[in-house]
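The values are calculated or read from the model by the stated rules, or taken from the named source; none is laboratory data. These numbers were taken from a predicted model, which means no experiment stands behind them. In this analysis, Cβ positions are derived from the backbone assuming ideal geometry, glycine residues included, and neighbour counts consider all displayed protein chains. These accessible areas exclude ligands, DNA and RNA; they are computed on the full protein's heavy atoms, side chains included. Shrake-Rupley method; radii C 1.70, N 1.55, O 1.52, S 1.80 Å.
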Amino acid sequence: NYTNGLPDPSELKEEILKKYPRKVAKKRAKAMVVNDPSEGQEIMANVRTIPGIITQRGCTYAGCKGVVLGPTRDIINITHGPIGCGFYSWLTRRNQTKPAEGEDNYMPYAFSTDMQDENIVFGGEQKLKTAIREAFEIFKPSAISIFSTCPVGLIGDDVHAVAREMKAELGINIFGFSCEGYRGVSQSAGHHIANNGIFKHVVGNTDRERTGKFQVNLMGEYNIGGDAFEIERIFEECGITLLSTYSGNSTVESFAYSHTADLNMVMCHRSINYIAEMMEEKYGVPWIKVNFIGAESTAKSLRKLADYFGDDELKAKVEEVIEREMVKVKKVAEEVKPKVEGKLAMMFVGGSRAHHYQDLFNELGIKTVSAGYEFAHRDDYEGREVIPNIKIDADTRNIEDLEVTKDEEHFRDDLVTKKTELEKEGYTFKDYQGMMPEMSKNALVVDDVNHWETEKLIDFYKPDIFCAGIKEKYVVQKYGVPLKQLHSYDYGGPYAAFGGAVNFYKEMERMLATNIWKLVDTPWKHEPEIVGSISIE
Ligand code: CFM
Ligand code: HCA
């Protein structure tokens, strides 16, 4: 029972729960687990946030448009909705792209129908058609997609019918997504909707002659801060042909022939596992789980890839690249590690990085005392064969529907039944790494952490660094704790693969080998807490 020197946070958990109304406390108790990797524990995840709680989560539109399709440069992504949705998803994620000379790149533009009140009253389909015709006339793209925001579903605009009509009229690939923000419990529903749409409308549309001996797709890599560029460099040096990435530095043109790959490498499992599963089922392309965050993890993932192909020449090349790159990595690690070793980190991000980035911190001897995801599912936490990892027919309504219509107990029962049924039909369930089995005993794992819990966690652990997003950044920093954005990387990156690890080590040195944060005078030290008079229970 390896505690890595971590204190038992059971009392902290009780103290956090004490402040909640009884029902809320009961629910939150299941989302906070004092980790014990030897136990095979369960956590409650992917359930609705309790209204009134200040969550970190985002919406379904963000997951579909911003996350999965947003980084693809040769498709015009039109937001059907009020201007704010299009504006706030306009390059804020720092997903970069590098078009070849003369190649289309629509990412610097924000396309929106800019819905007004008259469109809400009389319907917005005509305005959407006009927007599509206008975009086509100006840019002549090969594909256009439409993303529904909350009002679209409420007023009943049929984006799919509009897409079909426009596709026939203009003769290019046009498809829509019913990714209204309120669907599902978080942006996770948006990933699923995007996966289904891309698979249905794009994957398999073209074929391509083999151009390399080892052809792979990289899935769940979004080129934040240039991560994909660094991974691409390593692949090239190893002689691995990258057909397509979902969706960092990507094109829909490459999605169309991505089914001709030998193997899918899945990095962010949460956002893209659906396409990986569907591609395996329909085209027989197997997938393996990889992680290119952390130098050791990168080496491990490259070896896994070489082992998969079983080719001696590839294995030798991979070893040569690892050896060469590790010399540079170790040199910087040796300089930085003595200055940051033993510091404490907490990370509450998305659906995969709160796990992946622990590897990078470990390389510097920085301990993760508490971590959690915003919207991951149980499989991402528990890392074994868990229920939501079911192969679902691409055309049947997906698991997300069960999540929104049933409460979580029933939801779980339904899935158990479904899993048993599917197993009888010969389906198999994969297992892969997860956050909890790989964290120390006594680390506090918290799903969908909120503002109140964040405050208590900081008071208890007094972390040296807190990793989260823009909404958390300045509150946490006012506590005198530096916050590193693990979404956008603030202004930094790349942090992936070997070169990325070097960048990250140096960043940690700048942030942690300083006393400046201790000088922050927290404003609420001097001001009394404002106590509300409304009782919720
Ligand atoms: Fe996957 Fe991502 Fe993440 Fe994600 Fe995201 Fe992101 Fe994230 Mo922000 S796809 S789950 S929905 S790794 S946008 S690039 S940083 S929350 S941890
Ligand atoms: C999203 C995108 C986001 C937000 C980041 C943040 C991203 O969820 O819609 O909260 O700082 O990575 O850009 O996750």
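Things worth noting here:
- Of all residues in segment 452-473, exactly one satisfies the criterion of being acidic (Asp, Glu) and within 16 Å of ligand 1 (Cβ to nearest atom), namely GLU472.
- If you go through segment 33-73 and pick out every residue that is within 11 Å of ligand 1 (Cβ to nearest atom) and either farther than 18 Å from ALA189 by Cβ or modelled with pLDDT under 95 (or both), you end up with 1.
- Filter pass, GLU374 being away from ligand 2 (no atom under 16 Å from the Cβ) and either closer than 30 Å to ALA189 by Cβ or open to solvent by 20 Å² or more (accessible area, probe 1.4 Å) (or both): no
- First in segment 64-88 and aromatic (Phe, Trp, Tyr), second anywhere and assigned to a helix (DSSP H, G or I) and more than 15 Å from ligand 1 (Cβ to nearest atom), Cβ under 6 Å, 6 or more apart: none
- Leading residue by the ranking (farthest from ligand 1 (Cβ to nearest atom)) among those in segment 332-367 that are outside any helix (DSSP H, G or I), open to solvent by 30 Å² or more (accessible area, probe 1.4 Å) and more than 18 Å from ALA295 (Cα to Cα): GLY342
- Within segment 219-239, considering residues that are touching a Gly at 6+ places or on another chain (Cβ under 6 Å) and open to solvent by 10 Å² or more (accessible area, probe 1.4 Å), the one nearest to ARG270 (Cα to Cα): TYR222
- Total residues in segment 74-115, condition among the basic types (Lys, Arg) and away from ligand 1 (no atom under 16 Å from the Cβ): 1
- Selection within segment 310-323 - open to solvent by less than 50 Å² (accessible area, probe 1.4 Å) and within 16 Å of VAL216 (Cα to Cα): GLY310, ASP311, LEU314, VAL318
- Out of GLY239, GLY197, sole residue that is out of contact with any His (no Cβ under 7 Å at 6 or more places or on another chain) and on the phi > 0 side of the Ramachandran plot: GLY239
- TYR182, sole failed condition from (1) without any contact (Cβ under 8 Å) to a residue 60 or more places away in the chain; (2) surrounded by fewer than 17 Cβ atoms within 10 Å (Cβ to Cβ): (1)
- Strands (runs of 3 or more DSSP E) within segment 441-537 that include 3 or more residues touching a Ser or Thr at 6+ places or on another chain (Cβ under 8 Å): 444-446
- Segment 86-111 - residue that is away from ligand 2 (no atom under 11 Å from the Cβ) and under 19 Å from the mean Cα position of the chain (by Cα) and, of those, surrounded by the most Cβ atoms within 10 Å (Cβ to Cβ): THR97
- Of the criteria (1) closer than 24 Å to HIS356 by Cα; (2) within 16 Å of ligand 2 (Cβ to nearest atom), which one GLU277 fails: (2)
- Condition check for GLU209: away from ligand 1 (no atom under 16 Å from the Cβ), without any contact (Cβ under 8 Å) to a residue 12 or more places away in the chain and in a loop (DSSP other than H, G, I, E, B): yes
- Against the test of being under 26 Å from VAL502 (Cβ atoms), charged (D, E, K, R) and in contact (Cβ under 8 Å) with a residue 12 or more places away in the chain, the options GLU237, GLU165, GLU253 yield a single qualifying residue, GLU237.
Okay, residues lined up against (1) under 22 Å from the mean Cα position of the chain (by Cα); (2) surrounded by fewer than 21 Cβ atoms within 10 Å (Cβ to Cβ):
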position	(1), (2)
PHE199	yes, yes
VAL216	yes, no
THR241	no, yes
GLY248	yes, no
MET265	yes, no
GLU280	yes, yes
VAL290	yes, no
GLY294	yes, no
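Conditions tested, residue by residue: (1) of a type in the set (D, E, K, R); (2) open to solvent by less than 10 Å² (accessible area, probe 1.4 Å); (3) within 16 Å of ligand 1 (Cβ to nearest atom).
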{"position": "LYS441", "(1), (2), (3)": "yes, no, no"}
{"position": "VAL475", "(1), (2), (3)": "no, no, no"}
{"position": "LEU486", "(1), (2), (3)": "no, yes, yes"}
{"position": "PRO494", "(1), (2), (3)": "no, no, yes"}
{"position": "ALA497", "(1), (2), (3)": "no, yes, yes"}
{"position": "HIS526", "(1), (2), (3)": "no, no, no"}
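- Within segment 218-239, restricting attention to residues that are assigned to a loop (DSSP other than H, G, I, E, B) and within 14 Å of the chain's Cα centre (by Cα), the residue that is farthest from ligand 1 (Cβ to nearest atom) is ASN223.
- Options LYS13, LYS30, LYS26: the member that is more than 16 Å from ligand 2 (Cβ to nearest atom), in contact with a strand residue (DSSP E or B) (Cβ under 6 Å, 6 or more places away or on another chain) and open to solvent by 10 Å² or more (accessible area, probe 1.4 Å): LYS13
- Entry remark, segment 58-83: residues being open to solvent by 30 Å² or more (accessible area, probe 1.4 Å) and more than 10 Å from ligand 2 (Cβ to nearest atom) number 2 in total.
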